[in-house]
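The values are calculated or read from the model by the stated rules, or taken from the named source; none is laboratory data. Remember, predicted model here, so these are calculated numbers, not experimental data. Please note: Cβ atoms are built from the backbone with ideal geometry, for glycine as well, and neighbour counts cover all protein chains shown.
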Amino acid sequence: MAKQLLVLEEVIAMLKTISAPNRVIDDFRKRAEFVLHLKPAVERDEIQVSSGFGAASRQGLVELTLNDQRTQMDVRKAREIGLMLIEAAEAATSDEIVMRLLTDKVGLAAEQVAHVLIDLREIRQGTRDVRWPTS
């Protein structure tokens, strides 16, 4: 199972949930932002994918490593994620074409184009938000 990571906003929300004093939350936020600012920026993600075989499950598996985070999944889930990546890449290419067309050729402002992209996302995937897989 993959290691669970939290973003700063989630940790702040947890502190609020347990009724931590505001001074503690503010101090934590300042210290965390300082430490995160010192952390070197990752210029390029390291991605590794490999196949494996589970000795206990006696089934094939796929291991995905993104930077220092590793997870294993069954073959069916790996295929689902692969298809999701291809679909997202195609949608991103389409979004880029629309952005260039509307800004460079039609002359719309960035804010107007952003609204068009939100509408296109809703038409394309049925929601304006992230679409999560059903299985």
Count of residues meeting criterion [outside any loop (DSSP other than H, G, I, E, B), surrounded by fewer than 10 Cβ atoms within 10 Å (Cβ to Cβ) and more than 18 Å from the chain's Cα centre (by Cα)] in the range 1-21: 1
Cβ pairs under 9 Å, 6+ apart, first in the range 38-62 and of a type in the set (Asp, Glu), second assigned to a loop (DSSP other than H, G, I, E, B): ASP45/ASN67; GLU46/ASN67; GLU46/ASP68
Options GLU111, GLU46: the member that is within 22 Å of the chain's Cα centre (by Cα) and within 30 Å of LEU8 (Cα to Cα): GLU46
Pairs, first at positive phi in the range 63-76, second aliphatic (A, V, I, L, M) and modelled with pLDDT under 90, C-beta under 7 Å, six or more apart: ASN67/VAL42
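Mind checking whether some residue in the range 72-82 is in a strand (DSSP E or B) and among the basic types (Lys, Arg)? I'd like the intermediate steps shown before the answer.
The initial filter retains those residues of the range 72-82 that are in a strand (DSSP E or B), namely 72-74.
Subset that is among the basic types (Lys, Arg): none.
Checking the range 72-82: not a single residue is in a strand (DSSP E or B) and among the basic types (Lys, Arg).
One residue is enough: does the range 57-68 have a residue meeting the conditions charged (D, E, K, R), more than 30 Å from ARG124 (Cβ to Cβ) and at pLDDT 95 or above? Quick ask: steps written out before the conclusion?
First, the residues of the range 57-68 that are charged (D, E, K, R): 58, 63, 68.
Subset that is more than 30 Å from ARG124 (Cβ to Cβ): 58, 63, 68.
Now narrow it down to the ones that are at pLDDT 95 or above: 63.
For the range 57-68, residues charged (D, E, K, R), more than 30 Å from ARG124 (Cβ to Cβ) and at pLDDT 95 or above: present.
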Out of GLU87, GLU122, GLU111, sole residue that is in a helix (DSSP H, G or I) and surrounded by 13 or more Cβ atoms within 10 Å (Cβ to Cβ): GLU87
Residue in the range 56-70 that is in a helix (DSSP H, G or I) and not assigned by TED's automatic domain parsing to the domain that holds ILE12 present: no
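Could you look through the range 1-37, keep only residues that are basic (Lys, Arg) and touching a residue at least 12 places away in the same chain (Cβ under 8 Å), and pick out the one that is nearest to GLN72 (Cα to Cα)?
Looking only at the range 1-37, we keep the residues that are basic (Lys, Arg), and these are 3, 16, 23, 29-31.
Add one more test, that the residue is touching a residue at least 12 places away in the same chain (Cβ under 8 Å), and what stays is 3, 29.
Values: LYS3: 11, ARG29: 33 Å.
Top of the filtered list is LYS3.
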Boolean, ASP119 is modelled with pLDDT under 90 and acidic (Asp, Glu): yes
